[in-house]
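The values are calculated or read from the model by the stated rules, or taken from the named source; none is laboratory data. None of the values given here were measured: they were computed from a predicted structure. Neighbour counts run over all protein chains shown; Cβ positions are idealised from the backbone, glycine included.
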Amino acid sequence: MLAGPLFSREALTVPRQLSHFLIRSGYIGAFFVLMYTAAQTTFGWQQVRNLGDIARFGQLVFQVFAVVQLALMIFFSVLFAAGNVAQEKDRRTMLLLLMTDLRDRELVLGKLCSSLLLPCVLLTASIPVFVIIQMLGGISPQQITAAIAISAAAGLVAGTWGSLVAFWREKTFQTLAISLIGIVLYLGLVEGVVAILGAGSNLGLLIGTGNPFRAMFRVLDPLDHSGGLNFIEVALRSVGLLAALALVNIVVTILRVRVWNPSRTLGDMATLDEKDRGVVRPPRPVWNSPVIWREMMTKAYGRKVIVIKLAYVAIAAAAGYSVYSTPANSALVLGMVSPVGAAFIALSLLSMMLINAQGVTALTSERDTGTLELLLVTDISAKEFIYGKLGGVLYNSKELILIPLMFMGWYLVQGVLTLENFTYIALGFLALILFAGMLGLHSGLSYSISRTAIANSLGTMFFLFVGIFICMILILQARASFGLQLPSFLVFILGGSLGLWASLTHRNPSPALTLAAGILPFCTFYAITSFLLGQTLGVCLFVVAAYGFTTVAMLIPAISEYDSALGRSEMPKG
């Protein structure tokens, strides 16, 4: 009742949709596929009768599931909350909501609860899965309860942060970028304060519980009593602190919602007043390609994009300092990559997520404001439009592309990397950047609803990264028996292929996209195994070939014809 009619409508209409049940069952099905793959990787085809081995397997699966679900809750909570409000602003329906008799509390809580409905349902549906894992042994019901509570609290604070930013900012790209970067900065700030105060101090322990991943790792290691606290006490502190942060976000949003809004409408009215007073601004020369001119020479993504780039620079500086202060003989991160490589991977993943967000919002903003239909009837060709949008995305994200390359270039100068390895890294990174940008444009063209397009585009990128991480963990778990357990990974890879195929061919299927969805997970798997074996050329070739082919498969239909790109006509058969 506190959320008001907005949440009531969402709660009544969502269960009527078939996709609601497909997502819920697919989420649980993915857990069991992952459990089967982990079981085959650990035991193979032999019969296991030792209770200790079964208990250790249950502990391993619980650790993977808990960390993955925590990351999913944080990512999709902030994404759904930010996208839900941003869509109202893009469609100019936020002003209509403000003109109704909805209280500020009902508006904010209604949009927030509506956004968190699906993550909450998925989190609740996962409880039986954790109970089944608990029957294997190795974990306790208290650990399951603590893990679920931490995931719920982390999802709540992430959702409130995304809602706050969405009500505050106007442009969808700014909303998504500030939301994602804000979470990264928060986690980095918590870890920085803990490093300064000391992880063993009382204040350091209290602040450290603000990082849900730190608290989750304590739950996964119940024998760790550092600081005189057991995992239950750590979980309670973490949930309490995260809930307090979420409450602060909600209160600030409710108090400021009518101060921040409707700023765009007032800006339009001010422009009209200038025209009424006869104020005429001098014309600006436009290039022969107006789309790329608009993307590069105007503030199409808002006036505060520089703040996002400065925040990214701050994150890169923090990553560089952490690597610089790490001893040269330090252990590999998660037993897979060096600290330098981990820092580069973190920066690259953040860059690709932001570039993907800018790519999808470049199309959804045109659709929501009604300008996409106008562009379809102009003499601007599909090739000019797509290349202009893609070029604008890459130009506006040039700092996000250059900083990771400069990061690795510094280590090339220092002699840590060879020129050959730097070349492989640069080629692979640029191939992934083009893939991320084109995937955003492809999703914006394929999905008519902005919120669905944003969730599909960023979700595809996120699941791709999560799948790579899980695959590397399972390969390390298999170790010497990897060659015997290779067939067990086929189920995991085929599941990724089906998910990618459903995402890429949603509206306009083609043989090229089907082939890309089929070969991309297999090539990624080969690149992972080659990397863990210390190979370099094979990793670069397969990454560039697989992701480059997928990028071209998405690009060709888009630049061929508007109707083909928007799925309004079928491709010729035969």
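Here are some notes:
- In summary, Met336 fulfils each of the numbered conditions (1) outside the structural domain of Ile468 (by TED's automatic domain parsing); (2) under 24 Å from Thr452 (Cβ atoms) with the single exception of condition (2).
- Qualifying residue in the stretch 316-326 (condition: among the small types (Gly, Ala, Ser), loosely packed, with under 10 Cβ neighbours inside 10 Å and modelled with pLDDT of 75 or more): yes
- Residue tally, condition within 17 Å of Leu520 (Cα to Cα) and outside any helix (DSSP H, G or I), over the stretch 417-473: 0
- Number of positions in the stretch 85-120 that are part of a loop (DSSP other than H, G, I, E, B) and closer than 21 Å to Thr369 by Cα: 3
- Among residues that are of a type in the set (Val, Ile, Thr), in contact (Cβ under 8 Å) with a residue 12 or more places away in the chain and outside any helix (DSSP H, G or I), Thr326 is included.
- Test: residue in the stretch 121-133 that is assigned to a helix (DSSP H, G or I), within 21 Å of Val248 (Cα to Cα), in the same structural domain as Leu22 (by TED's automatic domain parsing) and touching a helix residue (DSSP H, G or I) at 6+ places or on another chain (Cβ under 9 Å): no
- Of all the residues in the stretch 186-204, those that are modelled with pLDDT of 85 or more and in contact with a Gly (Cβ under 6 Å, 6 or more places away or on another chain) number 2.
- Gly391 being surrounded by fewer than 18 Cβ atoms within 10 Å (Cβ to Cβ), over 30 Å from Leu118 (Cα atoms) and under 24 Å from the mean Cα position of the chain (by Cα): yes
- Residue match in the stretch 163-182 (condition: under 30 Å from Asn230 (Cβ atoms) and either of a type outside the set (A, V, I, L, M) or in the same structural domain as Arg237 (by TED's automatic domain parsing) (or both)): no
- For the stretch 78-120, the set of residues classified as in contact with a Cys (Cβ under 9 Å, 6 or more places away or on another chain) and either within 22 Å of Ser457 (Cα to Cα) or not assigned by TED's automatic domain parsing to the domain that holds Leu187 (or both) consists of Cys120 only.
- Residue count for the stretch 8-27, restricted to those that are in a helix (DSSP H, G or I) and either more than 15 Å from Cys120 (Cβ to Cβ) or assigned by TED's automatic domain parsing to the domain that holds Gly467 (or both): 11
- Count - residues of the stretch 376-422 that are of a type in the set (A, V, I, L, M), without any contact (Cβ under 8 Å) to a residue 12 or more places away in the chain and under 27 Å from Ala177 (Cα atoms): 2
- Exactly one residue out of Leu541, Leu500 is assigned by TED's automatic domain parsing to the domain that holds Gly388 and in contact with a helix residue (DSSP H, G or I) (Cβ under 7 Å, 6 or more places away or on another chain), and it is Leu500.
- Hey, Ala195 among the small types (Gly, Ala, Ser), part of a helix (DSSP H, G or I), out of contact with any Pro (no Cβ under 9 Å at 6 or more places or on another chain) and without any contact (Cβ under 8 Å) to a residue 24 or more places away in the chain or not: yes
Residue-wise test of (1) part of a loop (DSSP other than H, G, I, E, B); (2) on the phi < 0 side of the Ramachandran plot; (3) in contact with a helix residue (DSSP H, G or I) (Cβ under 6 Å, 6 or more places away or on another chain); (4) at pLDDT 90 or above.
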site	(1), (2), (3), (4)
Leu206	no, yes, no, no
Val219	no, yes, yes, yes
Pro222	yes, yes, yes, no
Gly227	no, no, yes, no
Ser238	no, yes, yes, yes
Ala243	no, yes, yes, yes
Val248	no, yes, no, yes
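- Residue in the stretch 98-119 that is nearest to Leu156 (Cα to Cα), counting only those that are without any contact (Cβ under 8 Å) to a residue 60 or more places away in the chain and surrounded by 17 or more Cβ atoms within 10 Å (Cβ to Cβ): Leu116
- If you go through the stretch 250-263 and pick out every residue that is part of a helix (DSSP H, G or I) and crowded, with 21+ Cβ neighbours inside 10 Å, you end up with 2.
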